[in-house]
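Only the coordinates and a few stated rules stand behind these numbers; no lab work does. Quantities reported herein were computed from a predicted structural model and do not represent experimental measurements. Here the Cβ positions follow ideal geometry from the backbone for every residue, glycine too, while neighbour counts run over all protein chains shown.
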Ligand code: SAH
């Protein structure tokens, strides 16, 4: 077992016993250790706290993988991956063909995301330590999934922060360049290694199904549509027509392709636009929708960006509320961790007051259940939303 040791400052061990993140400011000293390798984390008195991967480069310098005194070896990865997959395979149908199989801290594997897209896995490493363990991860996944091929799709920003070369391409076996997947009866074409996240925003799955169930006979606005997920579900669910708003050319092309794939393109209007501008234009034009979806990117990526973010959320919600037809529904979201559920509800309350619209709160919304929340790691709960109905 490694003798590398990271000693915490006095008083920092209580948090470290339940939360995996150790920041540079928590550290008293570290023995000489190669960046990205395992360290035993101990308290000021030298008592074992946990074991994680150390990287002197980012402020978040160590993420704990275990609180037991065990090596981070092949057997460890096999067990953790097995637990994560077993959680997703709890339903009667076994391991689902589409969805998140491993979600970083929430599955005790900080820095690792694994998603399944039908016949292929997409593997994303977010820390140097995890990138160095990729072969162990790939071995474990192959054994647990009957050898599904795995595509590496690391994101550039975390790789830069952690100091490793982002991997991109088939990492184990090989599969098709693009796959067609089915989500609750709606089909999506995903090009492996392209687009946002690992291809789709899998965290919105249950909310897209909700939109599909609400949409019959309604005119639908899908703002920040990405690959058209909400609109495809709404149109498949019987919406009269849908307007899709998006600024990224690649996302617009994917949305058009998915609408065609589902045979609903004739009832859809895909608009390349900045949502902020287009909502104002639609309001001036007197447009009305029976269902509006607002699924913006995270406006607050850090606490310091919170105030500007709240103004942004208020603005788009106010505009969308004014576009609701009588009895219209609004599904509105924030994926900024720094915007709490209470704060998001407060922003929507202010928007409704300023818009002069009375709304019934039908349900709070959250991330799909394959993105589990760890009670002791509040950062794992990041997607929040409200289902509102104009009264
Ligand atoms: N609802 C989508 C996910 C949306 S992600 C789904 O279910 O799959 C947010 C999207 O908003 C991204 O595709 C991003 O390109 C787009 N976007 C970000 N800022 C925008 C803006 N100001 N106007 C239009 N689109 C924007």
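Against the 2.2 N^0.38 Å scaling, with N counting residues, where does region 320-376 land? I'd like the Cα-based Rg ratio to two decimal places.
Values: Rg = 13.4 Å, N = 57, 2.2 N^0.38 = 10.2 Å.
Here the answer is 1.31, to two decimals.
What does the highest-first list of 220-227, 209-216 look like by mean Cβ count within 10 Å?
Details: 220-227: 27.2, 209-216: 20.1.
In decreasing order of mean packing, 220-227, 209-216 become 220-227, 209-216.
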If you average the C-alpha positions of region 33-98 and of region 305-373 separately, how far apart do those two centres end up, in angstrom? 35
Over the chain, with a Gaussian network built from C-alpha contacts below 10 Å, which listed residue (307, 83, 183) shows the highest mean-square fluctuation? 307
Residue with peak Gaussian network fluctuation, the chain [Cα springs, cutoff 10 Å], from 244, 261, 128: 261
Counting other beta carbons within 10 Å of each residue's own, what order do 313, 201 fall into, fewest first? 201, 313
Across all Cα atoms of region 74-176, Rg and the largest Cα-Cα distance (Dmax), in Å, are 12.8, 42
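Arrange the peptides 315-324, 13-22 so that the one whose residues have, on average, the most other Cβ atoms within 10 Å appears first. Intermediate results must be reported in sequence, preceding the final value.
Numbers: 315-324: 22.3, 13-22: 17.1.
Order by mean packing, descending: 315-324, 13-22.
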Would you mind estimating how fast the chain diffuses translationally, via Stokes-Einstein at 37 °C and 0.692 mPa s with the Kirkwood radius over Cα pairs, in µm²/s? 147
Estimated inter-spin distance, residue 346 and residue 206, nm [label 7 Å along Cα→Cβ]: 2.6
Along Cα→Cβ, 7 Å out, is where each label goes; now give me the distance between the ones at residue 261 and residue 5 in nm to one decimal. 5.4
Under the 0.36 nm per residue contour assumption, what length would be gained going from the current alpha-carbon distance of residue 155 and residue 24 to full extension? 44.8 nm
Alpha-carbon spread of region 16-133, three principal axes, descending order, Å: 49, 25, 23
For the ranges 275-283, 375-383, 47-55, what's the packing order if you count other beta-carbon atoms within 10 Å of each residue, average per peptide, and put the highest first? 47-55, 275-283, 375-383
Run the Debye formula on the Cα coordinates of region 5-66, all scatterers equal and no solvent, and tell me log10 I(q)/I(0) at q = 0.13, 0.24, 0.29 1/Å. -0.25, -0.92, -1.43
Calculated from DSSP H runs of 4 or more alone, at -39500 (n - 2.57) each and per residue, what is the 222 nm mean residue ellipticity of the chain, nearest 500? -9000 deg cm²/dmol
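I need the calculated FRET efficiency for the pair residue 168 and residue 283, taking r as the beta carbon distance and R₀ as 45 Å, to the nearest 0.05.
Working: r = 42 Å, r/R0 = 0.93.
Given R0 = 45 Å and the Cβ-Cβ separation, E is 0.60.
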On Cα atoms only, tilt of 306-322 relative to the major axis of the chain in degrees: 30
Let's test the formula: R0 of 56 Å, r as the Cβ-Cβ distance of residue 362 and residue 143. What FRET efficiency results, to the nearest 0.05? 0.80
